[in-house]
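Down below is the structure, laid out as structure tokens.
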Amino acid sequence: MEIILATKVGFCFGVKRAFNLALKTSKAVRPCQVLGPLVHNESVIRKLQESGVEFINSLDEAKSGVIIIPTHGEDPEVLQRIKEMGIKMVDATCPLVKNVQDLTKDLHEKGNQIIIIGDKEHKEIRSIQAVIKRRGIIIDSEEEAFRLEIKNKSLAIIAQTTQNPVKVKEIIRVLKKRFKNLKFYNTICPSVSAYQEGLKELALRVDLLLIIGSKTSANTNRLVEIAKAVGKPVYHIENASQLKKKRFLNVKTLGIATGTSTPDWLIKEVIQKLKSYAP
Ligand code: SF4
């Protein structure tokens with residue numbers, strides 16, 4: 001079986017930066033605590049725990065030492081509270097997410113109604129909403145765009161950094177039919193787009209697509225959606241232990257794609273196991 005990797009695999013720039021910041025900080029200050037998951041990948045979290053990094057779910061659990069803010073960003077009120085508690089803070093918010101927060105705040109202050117295309121429950125969306133005191137309207141489908149009721153306001157539309165551009169385009173198309181005074185600011189992360197484009201190119205060359213990434217990772221789930229949409233058989237795993245040999249029977253060419261928070265060590269483990277299937 002021939003194995004072909006997508007043009008972009010492994011950590012994106014924001015995840016690599018956060019991972020390295022956490023490792024570096026844990027060597028310098030203890031306790032080193034991350035407020036929530038640093039990134040959406042369990043293997044990465046485990047690796048950091050082995051290096052002494054602790055994970056807390058709320059500031060009530062915080063001890064002195066240092067608190068690291070994850071890639072998805074945080075509510076400015078929470079950041080302020082950390083300062084007031086006198087705990088050192090390291091901000092690992094991805095600079096691109098920070099840019100989206102700043103842009104959203106600016107557009108909101110200029111009087112626009114902010115529409116966010118994304119997942120209401122995702123931490124990035126919650127952090128973006130928090131910078132405008134939760135005044136944005138979040139939609140995630142064409143149906144929700146059809147149902148939107150807004151009068152006499154200019155609309156500024158942004159998207160979660162990990163959104164599928166095709167889906168966003170469809171939602172914008174609906175909004176444009178319904179509202180005149182509207183502007184879309186493309187906040188989809190270029191890295192995410194590159195991983196998605198790489199997957200589409202790969203799909204043309206292989207019999208089966210193997211996608212490695214956490215089921216909690218929005219951008220990995222997006223890759224699975226895209227692979228299904230292009231009609232290619234897709235197999236989504238989180239790590240090598242989930243591989244099932246029978247899925248590769250009659251597969252001559254296998255394509256491997258990953259989410260932006262899938263570490264290189266997981267990719268290597270998967271490839272090693274796949275190679276052991278060779279007769
Ligand atoms: S996917 Fe993009 S926005 Fe998200 S962490 Fe990576 S570089 Fe930053």
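The values are calculated or read from the model by the stated rules, or taken from the named source; none is laboratory data. Worth saying up front: this structure is predicted, and the values here are computed from it rather than measured. Counting neighbours? That spans all protein chains shown, and the Cβs are built from the backbone with ideal geometry, glycine included. Surface areas here come from the heavy atoms of the whole protein model, side chains and all, with no ligands, DNA or RNA. Shrake-Rupley method; radii C 1.70, N 1.55, O 1.52, S 1.80 Å.
Search segment 178-207 for residues being among the basic types (Lys, Arg) and part of a helix (DSSP H, G or I), and hand back the single one that is nearest to the ligand (Cβ to nearest atom). Can you show your working first?
Our first condition is that a residue be among the basic types (Lys, Arg); within segment 178-207, this holds for 178, 180, 183, 200, 205.
Subsequent filtering for residues that are part of a helix (DSSP H, G or I) retains 178, 200.
On the way: ARG178: 29, LYS200: 17 Å.
Here the answer is LYS200.
Quick check on ARG46: is it open to solvent by 80 Å² or more (accessible area, probe 1.4 Å) and either more than 23 Å from the chain's Cα centre (by Cα) or over 25 Å from LYS24 (Cβ atoms) (or both)?
Numbers: open to solvent by 80 Å² or more (accessible area, probe 1.4 Å): yes; either more than 23 Å from the chain's Cα centre (by Cα) or over 25 Å from LYS24 (Cβ atoms) (or both): no.
Spelling it out, it is not the case that ARG46 is open to solvent by 80 Å² or more (accessible area, probe 1.4 Å) and either more than 23 Å from the chain's Cα centre (by Cα) or over 25 Å from LYS24 (Cβ atoms) (or both).
Give me the pairs: first residue in segment 216-228 and of a type in the set (Lys, Arg), second residue more than 10 Å from the ligand (Cβ to nearest atom) and open to solvent by 10 Å² or more (accessible area, probe 1.4 Å), beta-carbon distance under 8 Å, and six or more apart or on different chains, which are they?
ARG222/ASN164; LYS228/VAL234
Note down all Cβ pairs under 7 Å where the first residue falls in segment 9-23 and is under 18 Å from LYS88 (Cβ atoms), the second is near the ligand (Cβ under 8 Å from one of its atoms) and among the β-branched types (Val, Ile, Thr), and they're at least six residues apart or on different chains.
ALA18/VAL39; ALA18/THR71
List the residue pairs whose Cβ atoms are under 8 Å apart, where the first residue sits in segment 42-57 and is among the aromatic types (Phe, Trp, Tyr), the second is loosely packed, with under 14 Cβ neighbours inside 10 Å and at pLDDT 95 or above, and the two are 6 or more positions apart or on different chains.
Filtered contacts from segment 42-57: PHE55/GLN49.
Select from segment 225-255 the residues that are assigned to a helix (DSSP H, G or I), open to solvent by 20 Å² or more (accessible area, probe 1.4 Å) and under 20 Å from ASN41 (Cα atoms) and list them in ascending order.
Residues satisfying the conditions are GLU225, SER241, GLN242.
In segment 158-168, which residues are within 14 Å of ILE139 (Cβ to Cβ) and either in a helix (DSSP H, G or I) or more than 16 Å from the ligand (Cβ to nearest atom) (or both)?
Residues satisfying the conditions are LYS167, VAL168.
Can you pull out every residue in segment 42-73 that is closer than 21 Å to GLY259 by Cβ, out of contact with any Gly (no Cβ under 7 Å at 6 or more places or on another chain), in a loop (DSSP other than H, G, I, E, B) and not small (Gly, Ala, Ser)?
The one that is closer than 21 Å to GLY259 by Cβ, out of contact with any Gly (no Cβ under 7 Å at 6 or more places or on another chain), in a loop (DSSP other than H, G, I, E, B) and not small (Gly, Ala, Ser): HIS72.
For segment 111-137, how many residues meet the condition of being more than 16 Å from the ligand (Cβ to nearest atom), under 23 Å from LYS177 (Cβ atoms) and touching a Gly at 6+ places or on another chain (Cβ under 6 Å)? So that I can check it myself, show each step before the final result.
Here is the first cut: in segment 111-137, the ones more than 16 Å from the ligand (Cβ to nearest atom) are 111-115, 120-121, 129-130, 132-137.
Right, trim to under 23 Å from LYS177 (Cβ atoms) and you get 112-115, 136-137.
Filter once more, so that each one left must be touching a Gly at 6+ places or on another chain (Cβ under 6 Å): 114.
Residues in segment 111-137 being more than 16 Å from the ligand (Cβ to nearest atom), under 23 Å from LYS177 (Cβ atoms) and touching a Gly at 6+ places or on another chain (Cβ under 6 Å): 1 in total.
So is ILE132 at pLDDT 95 or above, closer than 23 Å to ILE56 by Cα, touching a strand residue (DSSP E or B) at 6+ places or on another chain (Cβ under 9 Å) and β-branched (Val, Ile, Thr) or not? Let's see the steps before the verdict.
Values: at pLDDT 95 or above: yes; closer than 23 Å to ILE56 by Cα: no; touching a strand residue (DSSP E or B) at 6+ places or on another chain (Cβ under 9 Å): yes; β-branched (Val, Ile, Thr): yes.
No, not satisfied.
Each row is one residue, and each column tells you yes or no for (1) open to solvent by less than 80 Å² (accessible area, probe 1.4 Å); (2) closer than 15 Å to ALA218 by Cβ; (3) not charged (D, E, K, R).
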| site | (1), (2), (3) |
| --- | --- |
| ASN99 | no, no, yes |
| GLY111 | yes, no, yes |
| ILE114 | yes, no, yes |
| LYS133 | no, no, no |
| THR162 | yes, yes, yes |
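Could you tell me which of the residues ASN20, ASN57, ASN41 is of a type in the set (S, T, N, Q) and open to solvent by less than 10 Å² (accessible area, probe 1.4 Å)?
ASN41
On the basis of being outside the structural domain of ARG205 (by TED's automatic domain parsing), over 21 Å from HIS122 (Cα atoms) and within 16 Å of the ligand (Cβ to nearest atom), does LEU21 make the cut? Step through it out loud before you land on a result.
Values: outside the structural domain of ARG205 (by TED's automatic domain parsing): yes; over 21 Å from HIS122 (Cα atoms): yes; within 16 Å of the ligand (Cβ to nearest atom): yes.
Criteria met by LEU21.
List the residue pairs whose Cβ atoms are under 6 Å apart, where the first residue sits in segment 61-79 and is at negative phi, the second is of a type in the set (D, E, K, R), and the two are 6 or more positions apart or on different chains.
Pairs found: VAL66/LYS88; ILE69/ASP91; HIS72/LYS123; HIS72/GLU124.
Mind listing whichever residues of segment 74-110 are in a helix (DSSP H, G or I), among the charged types (D, E, K, R) and more than 16 Å from the ligand (Cβ to nearest atom)?
Initial filter on segment 74-110 (in a helix (DSSP H, G or I)): 76-85, 95-109.
After this cut, where a residue has to be among the charged types (D, E, K, R) as well, the list is 77, 81, 83-84, 98, 102, 105-106, 109.
Across segment 74-110, the qualifying residues are GLU77, ARG81, LYS83, GLU84, LYS105, ASP106, GLU109.
Select from segment 111-133 the residues that are part of a strand (DSSP E or B) and free of Cβ contacts under 8 Å to residues at least 60 places away in the same chain and write down the one among them that is farthest from the chain's Cα centre (by Cα). Walk me through how you get there before you give the answer.
Within segment 111-133, the subset part of a strand (DSSP E or B) is 113-117.
Next, only the ones that are free of Cβ contacts under 8 Å to residues at least 60 places away in the same chain stay: 113-114, 116-117.
Values: GLN113: 25, ILE114: 21, ILE116: 15, ILE117: 14 Å.
That would be GLN113.
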